[in-house]
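Some notes on the structure that comes next.
The values are calculated or read from the model by the stated rules, or taken from the named source; none is laboratory data. In this text, all values refer to a predicted model and were calculated from it rather than measured experimentally. Every residue, glycine among them, receives a Cβ derived from its backbone with ideal geometry; neighbour counts consider all protein chains shown.
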Amino acid sequence: MKRAFLFLSALSMLAAMPADKPAKIYVFESGQIGFFSETPVENIEAHTNTYASVMNVESRKFAFSVQVVSFDFEKKLMQEHFNENYMESEKFPNATFKGGIEEEVNLFKDGIYQVMAKGELEIHGVTKERSIPVKIEVKGGKIYFKSDFQVKLVDHNIEVPNIVVANIAEVINVKVEGILKPKQ
């Protein structure tokens, strides 16, 4: 049910983007999003494999959507604080990215491509224009992708109480990887 909702959210974001060619749509097969906060006091790490992504390979436009509550933490108390105090998951249930690949690459041709994804990253209800490096491998009719980037908490109005400011990094490292397959 969650995955169907996320897929429909991502598909609707992609449909809202103008396309100048007939669509060749690829959809999420599997993947993972993780983030890491490192401080001298403590490290915080969380992961989810429940997200949706969709890409028009001809126009190179794509969209991602992840439910914030789907991130799993080693310590359940951290997960509770993350959702209630920092991300306010009930108020801002999803994080999204919608945009496109800047380079003129042929994603129908097998190969490895280092590209920049330019678009709008929305976290905690705040949208920021971003350019994010992505490694794409097209192989066997599927698209494999990996990206590592950083998110500043202040950019998305995520406030950390003074009592725990030493425990949470101001800049969070994010890793996204996944596989897209042709939509049937």
- Task: Kindly indicate whether any position in the range 153-172 is surrounded by 13 or more Cβ atoms within 10 Å (Cβ to Cβ), in contact with a Phe, Trp or Tyr (Cβ under 6 Å, 6 or more places away or on another chain) and part of a strand (DSSP E or B).
- Result: yes
- Note: among Glu137, Glu88, just one is among the acidic types (Asp, Glu) and assigned to a strand (DSSP E or B), namely Glu137
- Message: Checking Glu58 against (1) in a loop (DSSP other than H, G, I, E, B); (2) buried (at least 17 other Cβ atoms within 10 Å of the Cβ), only one condition comes out false. Which one?
- Response: (2)
- Output the residues belonging to the range 63-77 that are within 21 Å of Lys152 (Cβ to Cβ) and either surrounded by fewer than 19 Cβ atoms within 10 Å (Cβ to Cβ) or in contact with a His (Cβ under 8 Å, 6 or more places away or on another chain) (or both). Phe71, Phe73
- Query: Of everything in the range 104-118 that's surrounded by 13 or more Cβ atoms within 10 Å (Cβ to Cβ) and in contact (Cβ under 8 Å) with a residue 24 or more places away in the chain, which residue is farthest from Phe62 (Cα to Cα)?
  - Reply: Tyr113
- Query: On the given criteria, is Lys109 touching a helix residue (DSSP H, G or I) at 6+ places or on another chain (Cβ under 9 Å) and of a type in the set (Lys, Arg)?
  - Reply: no
- Message: Considering only residues that are out of contact with any Leu (no Cβ under 9 Å at 6 or more places or on another chain) and either under 17 Å from Ile179 (Cβ atoms) or at pLDDT 95 or above (or both), which ones fall in the range 45-63?
- Response: Glu45, Ala46, His47, Thr48, Asn49
